[in-house]
Amino acid sequence: MTVRTLEQVAKEALADPDRFWGRQAENLVWHRKWDRVLDWNPPFARWFAGGLLNASINCLDRHMGSDTKNKAAMIWESESGESRTLTYFQLYRYVNKFANALKDLGVKKGDRVTIYMPMVPELPVAMLACARLGATHSVVFSGFSSQALVDRINDAKSKVIVTADGGFRKGRLVDLKKVVDESLSSTPSVEHVVVLKRAGNAVKSGPKDVWWHEAIERASAYCEPEMVESTHPLFILYTSGTTGKPKGVMHGTGGYLTHLYATAKWVFDFKKTDVFFCTADIGWVTGHSYMVYAPLMHGLTEIMYDGAPDHPAPDRHWAVAEKHGATILYTTPTALRMYMKYGDAIPNSFDLSSLRLLGTVGEPINPEVWMWYFKTIGKERCPIVDTWWQTETGGIMLSACTGIDFVPMKPGSATFPVPGVDAAVVDEEGKTVAPGTKGYLVVKRPWPGMLLSLWGDDEKYKKTYWSRFEGMYYPGDYALADSDGYLWLLGRADDVLKVAGHRLGTMELESAFVSHRAIAEAAVAGRPDATKGEAIIAFLVPKEGVEKSDALRKEVVEHIRKTVGPIASPDEVYFVGKLPKTRSGKIMRRLLKSIASGDRIGDITTLEDGAAIDEVKQAYDELKKTLR
Ligand code: WTA
């Protein structure tokens with residue numbers, strides 16, 4: 001067999017994308033083969049139109065006739081050191097039973113199910129059970145609180161919620177069931193709530209509640225999978241954008257799974273002997289794609305860790321990797337920065353020699369953190385794949401591809417687009433910029449993992465992603481290509497924050513602040529943070545007659561934790577008399593960001609909205625005067 005270089009593979013892929021992606025799709029199990037690889041009715045793509053398949057067959061049934069059947073699919077480890085292992089057969093049986101349990105509750109193809117659970121194997125079981133029935137899952141990150149949950153349930157109009165009596169975080173109980181109970185009075189679509197016993201928490205039972213273990217006990221061991229169209233929505237995952245309301249990113253089945261199968265092979269070079277440790281939470285897209293669907297399709301053994309990286313000690317990832325012999329570690333720059341702060345002695349006290357490949361995702365990685373990862377964790381033997389992608393892209397878009405070819409690494413660069421992905425860096429007019437020039441990252445043609453649309457809002461889908469540059473997908477990131485063609489990600493070009501890798505929208509946070517009774521107006525900005533990447537800084541205008549006190553500050557922070565979730569806690573809260581706005585009434589977030597970052601606001605000429613410099617300066621001076 002001749003070995004082809006990445007460049008050759010990428011060239012072939014772009015010369016005939018239909019042929020290329022069609023070949024990748026042959027790696028899935030299809031009930032009926034597709035008629036056409038791609039129906040492209042811009043900006044709506046129908047990948048593998050005419051094909052029929054089921055995602056749970058691709059993750060489970062496909063292994064039942066091979067020696068993968070009795071191999072560990074999931075090794076679960078908790079914060080307190082408990083472990084559980086499920087083989088592919090056990091997982092298959094569990095998913096079948098839970099699918100039957102959901103069926104008994106009336107769940108069928110096309111229904112939506114909200115999953116609000118801790119990181120336990122039952123979370124992927126619930127997702128795969130939905131997929132088996134052709135129901136669309138909507139997983140809500142368990143770090144979100146009541147209002148965030150209510151909004152997501154109501155937007156999806158979910159029929160069933162799957163939750164647990166609690167989870168644990170840093171040794172403390174997270175009372176998920178209580179949050180669900182609070183949501184029920186304002187989520188009329190919900191008919192049943194399935195509750196897993198996980199935390200031994202004495203929860204209140206309501207009329208809609210069904211115990212997970214009782215539902216499973218009654219269910220039979222095999223559930224006939226529902227064959228769905230390739231474009232059938234496998235899941236909705238809510239994510240933050242530049243508007244107040246989170247967007248329901250909707251992913252299909254055939255295209256999404258094809259993208260994952262291919263990228264997992266190319267980027268991670270998945271081998272049957274691998275033990276894959278992805279530290280993401282399943283509540284975010286990395287967990288959906290590279291903890292649930294990709295590794296299971298490939299028949300890999302994966303590690304699922306439930307807990308904080310630094311509790312009870314700042315060594316959890318190293319301890320878990322050593323204990324279970326992880327070969328690939330896929331984590332975030334935030335986690336690495338946190339570990340780096342504690343020094344080398346901690347990781348050096350573990351045997352990490354099983355590792356062969358390291359990956360990062362979610363934020364730009366600083367070159368010094370990259371070097372630390374390479375030297376201290378990988379002992380200069382393990383390549384690093386820096387993978388750039390988004391909830392919307394479904395799978396990895398830019399990354400080194402160790403399963404195809406080794407290209408020299410550059411610390412801090414995501415290197416190149418994966419084969420079949422046509423990316424570029426463009427200026428305001430959409431023209432490709434010269435090497436070394438900062439511009440906007442774009443994708444110039446459809447790819448199989450791309451979102452189908454936004455749930456219930458095709459117009460917003462068009463406007464958000466396909467209207468900024470004619471005929472191109474706009475992800476909202478700044479980037480540059482260097483003289484060797486390597487891509488460097490330079491952060492968000494819009495009002496989206498990445499706080500400890502979690503994606504949050506400034507407008508979404510502002511609406512949460514003003515939902516507090518004492519707050520009239522709010523503006524949120526991100527400030528660079530040495531560990532978390534970005535920290536949340538809030539500028540709040542209290543209502544007339546409200547005293548700007550520390551007590552109010554505490555109350556407002558508590559309000560955010562309760563409504564959006566602890567991940568949205570601001571680092572600093574300033575009370576101001578007025579917010580700086582443009583003539584057209586838009587909050588000057590960029591100015592606030594400079595103020596919060598302590599930057600000199602020299603480049604205010606680059607401010608958006610054509611704001612006059614004098615106006616900006618005046619607003620800034622006023623703001624400084626009123627800061628307390
Ligand atoms: C950022 C996470 C730099 C980027 C999978 C993107 C990155 C957003 C990288 C999507 C990376 C993700 N280097 N930035 N390797 N990976 N990002 O939807 O701003 O939670 O647009 O998906 O994270 O975040 P999301």
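The values are calculated or read from the model by the stated rules, or taken from the named source; none is laboratory data. Since we're looking at a predicted model, the values are computed, not measured. Virtual Cβ from ideal backbone geometry, glycine too; neighbours counted across all protein chains shown. Keep in mind that these areas ignore ligands, DNA and RNA; they rest on the heavy atoms of the full protein, side chains included. Shrake-Rupley method; radii C 1.70, N 1.55, O 1.52, S 1.80 Å.
Quick notes on this structure:
- Extension gain from ARG218 to ARG36, taking 0.36 nm per residue of separation minus the Cα-Cα distance: 61.3 nm
- Residues whose amide H falls under 5 Å from that of LEU196, counting only those 5 or more places apart or on a different chain, are THR163, ALA164, ASP165, TRP212, with hydrogens built in the peptide plane.
- Residue-normalised accessible area of the chain, expressed per residue, 1.4 Å probe, Å²: 39 Å²
- Computed with a 1.4 Å probe over protein heavy atoms only, the accessible area of ILE282 comes to about 0 Å².
- Ranking TYR256, TYR478 by solvent-accessible area of protein heavy atoms (1.4 Å probe, all protein chains present), from largest to smallest, gives TYR478, TYR256.
- Shown here for the stretch 527-557: GluC sites (Glu not before Pro) in loop regions (DSSP other than H, G, I, E, B) with at most 10 other Cβ atoms within 10 Å, namely GLU544, GLU547.
- Look at the alpha carbon pairs under 8 Å that are at least 6 residues apart: their mean separation over the length of the chain gives a relative contact order of 13 percent.
- Listed residues VAL162, VAL557 arranged by accessible area, highest first, probe 1.4 Å: VAL557, VAL162
- Positive contributions from Lys and Arg (+1) and negative ones from Asp and Glu (-1), summed over other residues with Cβ under 12 Å from the Cβ of HIS63, come out at +2.
- The stretch 314-353 residues near the modelled ALA530 label - backbone nitrogen below 17 Å, point 7 Å along Cα→Cβ: 334-344
- Each label point was placed 7 Å from the Cα along the Cα-to-Cβ direction; for LYS625 and GLU12 their separation is 6.9 nm.
- Here r is the Cβ-Cβ distance between LYS562 and ASN154 and R0 is 22 Å; the resulting FRET efficiency, rounded to 0.05, is 0.75.
- Beta bridge orientation in the stretch 166-258: antiparallel %, DSSP, nearest 5: 75 percent
- Highest-first packing order for the peptide set 232-244, 181-193 is 232-244, 181-193, based on the mean count of other beta carbon atoms within 10 Å.
- Ranked order, GLU79, GLU572 - accessible area, probe 1.4 Å, largest first: GLU572, GLU79
- The portion of the accessible surface of the chain made up by carbon and sulfur, rounded to a whole percent, is 51 (1.4 Å probe; DNA, RNA and ligands excluded).
- Principal axis extents of the C-alpha atoms in the chain (largest first, rounded to whole Å): 72, 61, 55.
- Proximity of backbone amide H atoms, modeled 1.01 Å from N, is registered between LYS581 and MET588 at under 5 Å, excluding neighbours fewer than 5 places apart on the same chain.
- Accessible surface of LYS170 - all protein chains present, 1.4 Å probe, nearest 10 Å²: 90 Å²
- At the residue level, LYS323 shows approximately 110 square angstrom of accessible surface with a 1.4 angstrom probe and all protein chains present.
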